[in-house]
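In what follows, a single structure is set out as structure tokens and then discussed.
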């Protein structure tokens, strides 16, 4: 069995997608989804829900009180968003290294994976990158469900 056999290529690419998703999810779990992050995220969501209830009830006094809180919430949300950049940067660098490696191995094979349904921008035939994206999306969903906390 050659590394350039289409089935082997699909398995290798799927393996790389699995490894990348595991790395990304583990980095996010330990660098982003810390107890402090989760606590802040829950607090932000609770204040947002309270604010929306006040808007629906048209309680002007409560709305004004919560609008002041919302200014602080916006700053907190910016901090929460910024905390996701460190694992993103590491994952991005690993992805480009992986893409280069896969390009060297399978770039010359062209479109070797047939899809039962047409994929936007690809059609029914996928190259190594199209297969990587499909495998990565599905594996990412499964891995995140298994390893990351519910938000």
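What ratio of Cα Rg to 2.2 N^0.38 Å holds for the chain?
Normalised Rg, Cα atoms only: 1.47.
For the chain, the longest principal axis of the C-alpha atoms and the axis of helix 85-106 are separated by about 10°.
Taken along the Cα-to-beta-carbon direction at a fixed 7 Å, the label points for residue 18 and residue 125 span 2.9 nm. Taking the alpha carbon gyration tensor of segment 2-56, multiplying each eigenvalue by 5 and rooting it gives semi-axes of 44, 15, 4 Å, largest first.
With each run of n ≥ 4 DSSP H residues scored as -39500 (n - 2.57), what mean residue ellipticity at 222 nm is computed for the chain after dividing by its residue count and rounding to the nearest 500 deg cm²/dmol? Working shown, then result.
Details: 5 runs with 110 residues, N = 151.
Calculated at 222 nm, the ellipticity per residue is -25500 deg cm²/dmol.
Taking the chain as the reference, fit the longest principal axis to its C-alpha atoms, fit the long axis of helix 35-57 to the helix C-alpha atoms, and give the angle between the two in degrees, 0 to 90, nearest 10. Tilt relative to the chain: about 60 degrees.
Based on the mean of other beta carbon atoms within 10 Å per residue, what is the order of 135-146, 17-28, 68-79, most packed first?
Values: 135-146: 14.4, 17-28: 17.9, 68-79: 12.2.
Per-residue mean Cβ counts within 10 Å order the peptides as 17-28, 135-146, 68-79.
We did not get these values from a lab; they are worked out from the coordinates using the rules stated. Remember, it's a predicted structure, so these values are computed and weren't measured experimentally. Cβ coordinates were reconstructed from backbone atoms using ideal geometry, including for glycine residues, and neighbour counts include every protein chain displayed.
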